[in-house]
Amino acid sequence: MITYPDNVTCLADYIESVLQKFADRPAYTALGQTLTFAEIDRKSSALARYFVHEAKLSPGTKVAIQLPNLIQNPIVVYAALRAGLVVVNTNPLYTEREMKHQFTDSGAKALVILGDLLPKFSSIKDDTSVETVITTSATELLDPNTAPNLDGTVSFTQAVELGNTLPAFERPSIALDELAMLQYTGGTTGVSKGAALSNKNVLANCIQMLDRIGEGFKDGEEVLVCPLPLYHIYAFTVGMMALFAKGTQIILIPNPRDIDGFIQTLKPHKISAFMGINTLFVGLGRHPEFAKLDFSKLHLTMSGGTALTQAAVSIWRDVTGNTITEGYGLSETAPVVSFNIPGKEEIGTVGHELEGTEVALLDSHDKPVADGESGQIAVRGPQVMLGYWNRDDETAKVMTQDGFFKTGDIGIRTESGAIKIVDRLKDMIIVSGFNVYPNEIEDVLTTHPSVMEAAIVGKPDEKTGERVCAFITVSSDVSHKTSLIFVNSTSQITRSLSRSRYLTSYQNLPSEKFYVESFVRLNDSPTCAAHSARRLIPSFTRFPLKNQVIATKG
């Protein structure tokens, strides 16, 4: 049973109580600048007044936020919610086509956008309902003189300054079940859909996560590293809402691909918590400068968004002395469904479901599978979305008659009852009638010290129905020639592994291997390298490989 805080009826109440409780504590750090909770409070309050009085945005109006990991991001999110608006998180990497779809589908009336991205919006503005545009620059909080001065827009600094002169407003009563945000998802399989998340969905998930993380995470004492994009639901809820509520100082990393710069940012801090994904853990763990950082306070490392490999766990533990606590979730579940207990992790699983959450494993007829069998993971709980925005037909496809959300992921229970993700339902490969799960093979390939990422796809085969093909990226210290030698030897590596306990005989692979310079992250899911690659790679069955592929099949 979820117990909600007293005097909290919506996310705005929740945010305001935190800002006041930890007023003097550092709240967010980015680009070498730190703002306290009190400063975030003042700026978000002023911006909320601007939204209400100057922009004339009424409660329930959609505001799209298209910003990277800058301190402006949480200020805008908190301001929107305090004004009773609905947040529409938007990926800064979106193309004009993707922006147009999301803005028109959501019905956004306002947009807060990085000034550098404005030309893309200008080309589709007339096709949207956006009337208010606020722009900002990466360095605007450091130096207001760098605020954009663009026609038809107001800068972030101008909006806050004007808001400071405007009167307070009385926020209308907002019920827990009312819409708080639209989180777009599903673009890998067709038109992107907005998961409609209520105040209750997000607030419940915050309470659930804090319950699972436990009392070891201390109020007002923690320093969290957040390299994951705040527009992604994982960082949004777990970082900007849940751990924020513990008075945590959150270090935002605008460009985590710049590993050297990333490490420099961390040097002055004694970090106590880290949220990341498999690729980051491997990339940082293999960088010689990362090992020189002070990890004496680090006690919580969280993984989500993509499958965690054993190789990543080992590298991270060797370098930091800290294990990785893996969880599982989706945009539609606000996002966390299950999470390991910190300090008691069952590596290879995503832990047990959170408080108040039910997880069922279903067969193709939406019936529970027998004990010990794998099935599609279905979730029921207070964090499950209201539905897809304006997509009743799509909502009906993913909801069972008794209220379970069908995730599209295949899972199985371990003996302890923990959930193990086998793979995506649509990614499963069938070889001679046997089910082959790409995650299992990718996990084996990434045990090689030079393999950064691996993606497994199926290709039609006249004899077996499908055959398994592997794509890999390798570390920078591996030459092109060495890479080709490794790629051409993966069959022997895998055959050796399959004779032991790693892979069954029908998974001897790959019949084709490709060396890939980098995986392209699909815009709506930038953190899921393997899943993004799987969406893109199958085109090689119809079209020539371009750009990112350097070598052809072995």
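Label region 131-285 by shape, choosing from rounded, prolate and oblate, from the square roots a ≥ b ≥ c of the eigenvalues of the Cα gyration tensor; if a/c is under 1.5 it is rounded, and otherwise prolate applies when a/b is larger than b/c, oblate when it is not.
Working: a/c = 1.42, a/b = 1.14, b/c = 1.24.
Here region 131-285 falls in the rounded category.
Just check region 342-445 against the gyration tensor rule for me: Cα atoms, a ≥ b ≥ c as the square roots of the eigenvalues, rounded for a/c under 1.5, and otherwise prolate or oblate depending on whether a/b exceeds b/c. Walk me through the numbers before you get to the answer.
On the way: a/c = 1.80, a/b = 1.23, b/c = 1.46.
In terms of gyration-tensor shape, oblate.
Obtain the nm distance between the two label points defined at His287 and Thr414 by a simple spin-label model: each point lies 7 Å from its Cα along the Cα-to-C-beta direction.
Here the answer is 3.0 nm between the modelled labels.
Anything over 22 Å Cα to Cα? Flag those among Lys367/Lys420; Lys62/Lys193; Lys120/Lys397; Lys367/Lys459, in the order listed. Before the final figure, lay out each step's value.
On the way: Lys367/Lys420 19 Å; Lys62/Lys193 15 Å; Lys120/Lys397 34 Å; Lys367/Lys459 30 Å.
Beyond 22 Å between Cα atoms: Lys120/Lys397; Lys367/Lys459.
Counting other beta carbons within 10 Å of each residue's own, what order do Thr400, Thr301, Thr306 fall into, fewest first?
Details: Thr400 14, Thr301 23, Thr306 18.
So the ranking, lowest neighbour count to highest, is Thr400, Thr306, Thr301.
Long-range amide H contacts for Thr325: which residues qualify at under 5 Å (H placed 1.01 Å from N, peptide plane, sequence gap of 5 or more or a different chain)?
Here Thr301, Met302, Ser303 satisfy the definition.
Tell me the label-point distance for the pair Ala168, Val8, using the 7 Å Cα-to-Cβ offset, in nm and rounded to one decimal.
With each label placed 7 Å out from Cα toward Cβ, I get 2.1 nm.
What residues qualify as long-range amide H neighbours of Asp409, i.e. H under 5 Å apart, gap of 5 or more or another chain, H built at 1.01 Å from N?
Amide H neighbours of Asp409, under 5 Å, 5+ apart: Ile377, Leu425.
Residues of region 16-35 with amide nitrogen under 17 Å from the 7 Å Cα-to-Cβ point of Asp219?
The answer is 16-27, whose backbone nitrogens lie closer than 17 Å to the label point.
Rounded, prolate or oblate: which one fits region 342-388, using the alpha carbon gyration tensor with axes a ≥ b ≥ c (rounded when a/c is under 1.5, else prolate when a/b beats b/c, else oblate)? It would help to have the intermediate numbers written out before the result.
On the way: a/c = 2.50, a/b = 1.14, b/c = 2.19.
Oblate shape, in that a/c is at least 1.5 and b/c is the bigger or equal ratio.
Among the aspartates and glutamates, which fall within straight-line cross-link reach of Lys109, defined as a Cα-Cα distance under 19 Å, with same-chain neighbours fewer than 8 residues apart omitted?
Hits, sequence-local ones excluded: Glu54, Glu96, Glu98, Asp126, Asp127, Glu131, Asp151, Glu178.
Using θ = phi - 60° and the Karplus form 6.51 cos²θ - 1.76 cosθ + 1.60, what ³J(HN,Hα) does each residue of region 175-185 get, whole Hz, x for Gly and Pro?
Whole-Hz 3J(HN,Hα) from phi for region 175-185: 7, 4, 7, 7, 4, 10, 7, 10, 10, 7, 7.
When Ile315, Ile377, Ile410 are ordered from fewest to most other Cβ atoms inside 10 Å of their Cβ, what list results? Spell out each step's value before the answer.
Details: Ile315 19, Ile377 28, Ile410 22.
Result, fewest neighbours first: Ile315, Ile410, Ile377.
Apply the Karplus curve 6.51 cos²θ - 1.76 cosθ + 1.60, θ = phi - 60°, to the phi angles in region 326-335 and return the couplings in whole Hz, x for Gly and Pro.
3J(HN,Hα) across region 326-335, in whole Hz: 9, x, 9, x, 8, 4, 6, 10, 6, x.
Please list, ordered by chain and number, the residues whose modelled amide H lies under 5 Å from the amide H of Gly387; skip anything fewer than 5 residues away on the same chain.
Ala196
Multiplying the sequence separation of Ile347 and Leu150 by 0.36 nm and subtracting their Cα-Cα distance, what value in nm do you get? Walk me through the numbers on the way to the answer.
Numbers: separation 197, 0.36 × 197 = 70.92 nm, distance 5.07 nm.
Additional length available on full extension: 65.8 nm.
How much length is gained if the chain between Asp294 and Arg257 is pulled fully straight, taking 0.36 nm per residue apart and subtracting their Cα-Cα distance, in nm to one decimal? Let's see the in-between values first.
Values: separation 37, 0.36 × 37 = 13.32 nm, distance 2.11 nm.
Net length gain for the segment: 11.2 nm.
Grab the beta carbon distance between Asp24 and Asn322, set R0 = 30 Å, and tell me the FRET efficiency rounded to 0.05. List each step's numbers first, then the result.
On the way: r = 29 Å, r/R0 = 0.96.
Efficiency computed from Cβ-Cβ geometry: 0.55.
With θ taken as phi - 60° and the coefficients 6.51, -1.76 and 1.60, list the Karplus ³J(HN,Hα) couplings across region 107-112 in order, rounded to whole Hz; mark glycine and proline as x.
Karplus values, whole Hz, x for Gly and Pro: x, 4, 9, 9, 9, 10.
So how do Met452, Met1 line up by other beta-carbon neighbours within 10 Å, fewest first? Before the final figure, lay out the partial values.
Working: Met452 22, Met1 5.
Ascending number of Cβ neighbours within 10 Å: Met1, Met452.
Rule-based calculations on the coordinates, nothing more; no lab input. Note that the structure is a prediction, hence the values are computed from the model and not measured. So basically every Cβ, Gly included, is an ideal-geometry build from the backbone, and we count neighbours across all protein chains shown.
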